[in-house]
Amino acid sequence: MEINVLNINGQETGRKVTLSEAVFGIEPNDHVLYLDVKQYLADQRQGTAKAKERSEHMGSTRKLGRQKGGGGARHGDINSPLLKGGGRVFGPRPRDYRFKLNKKVKQLARRSALSYKAQDNAILVVEDFTFEQPKTKEFVKMTENLKVNGKKLLFVLPEVNKNVYLSARNLQRAEVMTAATLNSYKVMNADVLVMAEGSLSIIESQLNNQ
């Protein structure tokens, strides 16, 4: 699949790049894509929720009423889950939500996500660029030149560029990542991928190991 290379002014440079069929042209696998997204979201969870159970409450352990003849249900002390202020039955405990995925499964998931974007013509390739200083106005102007303003954007750079990152930081619908940290969730969550030309070789070398 060939795609035109643009500059940050939205003009064609006269050059084209060929997207690897092994990365951007496969039949997407929805199940492994689901697993990779699920793992990413699970990794974001803190797992610190905790509710006190019966034995952890401060309260008397005296039996409140006799076993029989009271005309009501039997219950023990004031920490009973049946009473207001008592312990919680099977409440949440701190836990780690992370789980493992094999490397090849994750690679397939990311190739599937990129292939979906390629099928939707939602990938733009721009020349490698930088800003002399952090300037949100320049970043917004670039999105307008590329005719993608108003959409949820993911900019993929070959390496960390602090000025570009800081320029986009205050924009709710734009995010900047490096090719090395690209993941399925971020790809699928974006309306359009804007990929710096230098990031393509990094992505293809990472994901071409089938």
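Filter segment 12-50 down to residues that are touching a helix residue (DSSP H, G or I) at 6+ places or on another chain (Cβ under 8 Å) and part of a loop (DSSP other than H, G, I, E, B) and give me whichever is least open to solvent (accessible area, probe 1.4 Å).
Looking at residues that are touching a helix residue (DSSP H, G or I) at 6+ places or on another chain (Cβ under 8 Å) and part of a loop (DSSP other than H, G, I, E, B), I get Leu19.
Within segment 130-150, is even one residue closer than 25 Å to Gln39 by Cα and open to solvent by 10 Å² or more (accessible area, probe 1.4 Å)?
no
Condition check ((1) over 17 Å from the mean Cα position of the chain (by Cα); (2) within 25 Å of Arg110 (Cβ to Cβ); (3) modelled with pLDDT under 90; (4) of a type in the set (D, E, K, R)) across all residues:
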{"site": "Glu21", "(1), (2), (3), (4)": "yes, yes, no, yes"}
{"site": "Gly25", "(1), (2), (3), (4)": "yes, yes, no, no"}
{"site": "Val37", "(1), (2), (3), (4)": "no, yes, no, no"}
{"site": "Tyr40", "(1), (2), (3), (4)": "no, yes, no, no"}
{"site": "Glu53", "(1), (2), (3), (4)": "yes, no, no, yes"}
{"site": "Thr61", "(1), (2), (3), (4)": "yes, no, yes, no"}
{"site": "Lys68", "(1), (2), (3), (4)": "yes, no, no, yes"}
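Scan Lys151, Lys117, Lys147 and give me the residue that is under 24 Å from Lys16 (Cβ atoms), touching a Gly at 6+ places or on another chain (Cβ under 7 Å) and among the charged types (D, E, K, R).
Lys147
Against the condition open to solvent by less than 70 Å² (accessible area, probe 1.4 Å) and touching a Leu at 6+ places or on another chain (Cβ under 8 Å), how does Ala73 come out, does it pass?
Judged against the criteria, Ala73 is not a match.
Among the hydroxyl-bearing types (Ser, Thr, Tyr) and open to solvent by less than 40 Å² (accessible area, probe 1.4 Å): does that describe Ser80?
yes
How do the pairs read when you match residues in segment 69-82 that are of a type in the set (Lys, Arg) with residues anywhere that are open to solvent by 60 Å² or more (accessible area, probe 1.4 Å), using Cβ under 7 Å and keeping only pairs 6 or more apart or on different chains?
Filtered contacts from segment 69-82: Arg74/Gln67.
Among (1) of a type outside the set (Lys, Arg); (2) open to solvent by less than 60 Å² (accessible area, probe 1.4 Å); (3) within 33 Å of the chain's Cα centre (by Cα), there is one condition His57 misses while meeting the rest; what is its number?
Every listed condition holds for His57 apart from (3).
Looking at segment 51-71, which of its residues are part of a loop (DSSP other than H, G, I, E, B) and of a type in the set (Asp, Glu)?
Glu53
The values are calculated or read from the model by the stated rules, or taken from the named source; none is laboratory data. Owing to the predicted nature of the structure, the values given are computational and were not obtained by experimental measurement. No Cβ is skipped: glycine too gets one built from the backbone with ideal geometry, and neighbour counts run over all protein chains shown. Remember, those area values only see protein heavy atoms, side chains included, never the ligands or the DNA or RNA. Shrake-Rupley method; radii C 1.70, N 1.55, O 1.52, S 1.80 Å.
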